[in-house]
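Input: a single structure, listed below in structure tokens.
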Amino acid sequence: MINAIEQAAVAARPNHVRLDDVDTAILRELIRDARIPNNALAEKVGVAPSTALARMRALRESGVVKGFHADIDLEKLGLEISAMVSIVVHSRARNRMTDIAEQISRLDSVQRVFLMSGDRDLLVHVSCESPARLRDFVSTHLNDPAIANTQTNLIFSELHQPL
């Protein structure tokens, strides 16, 4: 992901934020640990604490840093099964696709919803206690006349790659 950020920094277009090496280093450290204290962040990226603080403020104000999130181990909460469910919305319901996605995003077990291009319209990350619960989720909550087709793929593991 760092390559994408470095490319964006070099090839900034109008209405896009231009990043330098310090900004990129700050983002890399935030991905590793969003709770890093400012003085430790400054030391890791090789700038004064006041500079790190100003850069962080600028990254937040520009919208590059949208928020800070906890990385939760869902298995430790009893959510043993994770899946990506791809959805095709009926052509007659395409004008409601965003509403359908928002409705799905509010359901229990849903972690994230993506609106997609290509042969699938929505991609839904679901976490459940068991295969039976996953089956029930799909058959109950995605049994909607607006949905033409679903395909469920189990997630075996997730790899994190920092910037």
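Things worth noting here:
- When we screen S130, S82, S91 for residues that are among the small types (G, A, S) and open to solvent by 80 Å² or more (accessible area, probe 1.4 Å), the only hit is S91.
- V113 assigned to a strand (DSSP E or B), surrounded by 14 or more Cβ atoms within 10 Å (Cβ to Cβ) and without any contact (Cβ under 8 Å) to a residue 24 or more places away in the chain: yes
- Meets criteria (touching a helix residue (DSSP H, G or I) at 6+ places or on another chain (Cβ under 8 Å), modelled with pLDDT of 90 or more and more than 29 Å from E158 (Cβ to Cβ)) for V47: yes
- If you check R96, R120 for being more than 30 Å from R57 (Cβ to Cβ) and either open to solvent by 60 Å² or more (accessible area, probe 1.4 Å) or part of a helix (DSSP H, G or I) (or both), only one passes: R96.
- Test: residue in the range 26-34 that is open to solvent by 30 Å² or more (accessible area, probe 1.4 Å), among the hydrophobic types (A, V, I, L, M, F, W, C), at pLDDT below 95 and out of contact with any strand residue (DSSP E or B) (no Cβ under 8 Å at 6 or more places or on another chain): yes
- Residues of the range 133-148 that turn out to be touching a residue at least 24 places away in the same chain (Cβ under 8 Å), open to solvent by 70 Å² or more (accessible area, probe 1.4 Å) and not in a loop (DSSP other than H, G, I, E, B), as a count: 2
- Annotation note: of E158, E102, the sole residue that is closer than 29 Å to G78 by Cβ, out of contact with any Phe, Trp or Tyr (no Cβ under 6 Å at 6 or more places or on another chain) and modelled with pLDDT under 95 is E158.
- Of the residues making up the range 99-110, those that are open to solvent by 70 Å² or more (accessible area, probe 1.4 Å) and either in contact with a Leu (Cβ under 9 Å, 6 or more places away or on another chain) or assigned to a loop (DSSP other than H, G, I, E, B) (or both) are R106, D108.
- Among the residues listed as E129, E102, the single one being touching a Gly at 6+ places or on another chain (Cβ under 9 Å), under 30 Å from A34 (Cα atoms) and among the charged types (D, E, K, R): E129
The values are calculated or read from the model by the stated rules, or taken from the named source; none is laboratory data. All figures in this text were calculated on a predicted structure; none of them were measured in a lab. Cβ: placed from backbone, ideal geometry, glycine included. Neighbour counts: every protein chain shown. The area values use the complete protein model at the heavy-atom level, side chains included, leaving out ligands, DNA and RNA. Shrake-Rupley method; radii C 1.70, N 1.55, O 1.52, S 1.80 Å.
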